[in-house]
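Here is the structure we will look at, set down as structure tokens.
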Amino acid sequence: MKKILSVNAGSSSLKFKIFAMPAETVIASGKFERIGIEHPLVEIKYGDGQKFSEEAKVKNHSEAVQILLDKLLDLKIIASYDEISGVGHRVVAGGEFFKESVVVDTNNERLIEKTFELAPLHNPANLMGIRAFKKALPHAVAVAVFDTAFHQTMPEENYLYAVPYKWYENYSVRRYGAHGTSHRYVASVAADMLGRPLKDLKLISCHLGAGASICAIKDGKSFNTSMGFTPLAGVTMATRSGDVDFSAVAYMMRKLKVKNVSQMVETLNHESGMLGISGKYSDSRDILEAAEAGDHRAYLANEIFERSVIDYIGQYTFEMGGVDGIIFTAGIGENSQETRESIVKKLAFLGINLDKVNNQTRGKNTFISTPDSKVKVMRIMTDEELLIARDTFNLAK
Ligand code: ADP
């Protein structure tokens, strides 16, 4: 039995899960938070419900990784470092360099450095995590799994923007998408649920969390996706605007006398979306509750969010020439029966009937359309960490 670590490193945090492979059982999970800030905290869940947490002073990711590994030994989650045969890392942007998961040798480290501009908040932190684990576990295979890699199969007409072609040629400006690991994972589960080969299916995956994206999956490959050059584009999100006419932003820069365009991008990322419309809430639970209590702007925020999801489902159904299955996943998609019900009802003309009982079940993958529905709708729990562990296990073999 091999142990594989699945890691998501942020600028001041490090989340992880340890899988026993090939059984795919989680043997521990946890996080290190506030790395390099005051009161860093390490938390580990393991065994049958045991939990360990401790403040541990660390200045950087290297120190955090060392403490984390020592704790895994102390808690007897691993008997020695050698038991960990691979460490898989989530990397947000892979640009056009990475079309699939890769073993991170020095050449790939250099290529990841070249993608920093595409995800300045995430990729440098992701690489820091990779280097820290490579130093602490030189024998373990380091693997990078990119959020964008799945979308590298999109045809040109779906990834190019209608801007001067030189922007793409000289500066690689194009649609990259995101959430690729989640879309790829839920698509494979959907194929199992439908009992048909993934390569024969037309699927639309709706990853609806605080960040949300829709993906058209044709012949098992990403065919189109709603996020763009960055995760700002596409559907309305918790605090992100989704698609907006750039001229409106330029106009507001003049009105507000904003000189720095980054400030506007900040507003579009953090003060827009459902928060922008409602003026109060970004969490869909709060939005739904307030809407129910008669708050018109909360109602409007939810309507705009749902409509933007439906717009993409419609667009992708036409682009693929039909759809066999629609998937709901991530925070809202997995947990909000109200949102699922409301969207599915608006899709009734596709021949979809809601299975009200199934839609109320929690915590498992299920069909939420009735068996006689022409298009099947599924609620699927995403598991990006498991897919990272699978890719790592396969590449470590
Ligand atoms: P991200 O990974 O993008 O931060 P998640 O996929 O974790 O987002 O989703 C978080 C969001 O899921 C929350 O902001 C909340 O809006 C939504 N959510 C979680 N649980 C529920 C629920 N029971 N009902 C409605 N929305 C929920």
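The values are calculated or read from the model by the stated rules, or taken from the named source; none is laboratory data. Quick caveat: nothing in here was measured; it's all calculated off a predicted structure. Virtual Cβ from ideal backbone geometry, glycine too; neighbours counted across all protein chains shown. Calculation scope for accessible area: heavy atoms of the full protein, side chains included, ligands and nucleic acids excluded. Shrake-Rupley method; radii C 1.70, N 1.55, O 1.52, S 1.80 Å.
Structure above, values below:
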item: Flag for residue 279 being more than 22 Å from residue 227 (Cβ to Cβ) and away from the ligand (no atom under 12 Å from the Cβ); result: yes
item: Selection count, the range 229-246, where residues are farther than 18 Å from residue 95 by Cα and of a type in the set (Phe, Trp, Tyr); result: 1
item: Output for the range 97-137, where each listed residue is open to solvent by 90 Å² or more (accessible area, probe 1.4 Å) and over 23 Å from residue 32 (Cα atoms); result: 97, 99, 100, 106, 110, 114, 117
item: Failed item, numbered, when residue 301 is tested on (1) within 21 Å of residue 217 (Cβ to Cβ); (2) crowded, with 17+ Cβ neighbours inside 10 Å; result: (1)
item: Qualifying residues in the range 223-257 (those that are away from the ligand (no atom under 16 Å from the Cβ) and small (Gly, Ala, Ser)) - the one most open to solvent (accessible area, probe 1.4 Å); result: 247
item: Some residue of the range 206-222 being within 16 Å of the ligand (Cβ to nearest atom) and either of a type in the set (S, T, N, Q) or surrounded by fewer than 17 Cβ atoms within 10 Å (Cβ to Cβ) (or both); result: yes
item: Residue 359 vs. criteria closer than 25 Å to residue 196 by Cβ, open to solvent by less than 10 Å² (accessible area, probe 1.4 Å) and either without any contact (Cβ under 8 Å) to a residue 40 or more places away in the chain or over 21 Å from the mean Cα position of the chain (by Cα) (or both); result: yes
item: Which numbered condition residue 335 misses (of (1) under 19 Å from residue 355 (Cα atoms); (2) of a type outside the set (Asp, Glu); (3) open to solvent by less than 40 Å² (accessible area, probe 1.4 Å)); result: (3)
item: In the range 302-342, residue farthest from the ligand (Cβ to nearest atom) [restricted to those that are among the hydrophobic types (A, V, I, L, M, F, W, C) and without any contact (Cβ under 8 Å) to a residue 60 or more places away in the chain]; result: 318
item: Whichever residue in the range 3-19 is more than 19 Å from residue 78 (Cβ to Cβ) and in a strand (DSSP E or B) and, among such residues, is most open to solvent (accessible area, probe 1.4 Å); result: 8
item: Candidate set: the range 183-197, residues that are free of Cβ contacts under 8 Å to residues at least 60 places away in the same chain and surrounded by 18 or more Cβ atoms within 10 Å (Cβ to Cβ); chosen: the one farthest from the ligand (Cβ to nearest atom); result: 191
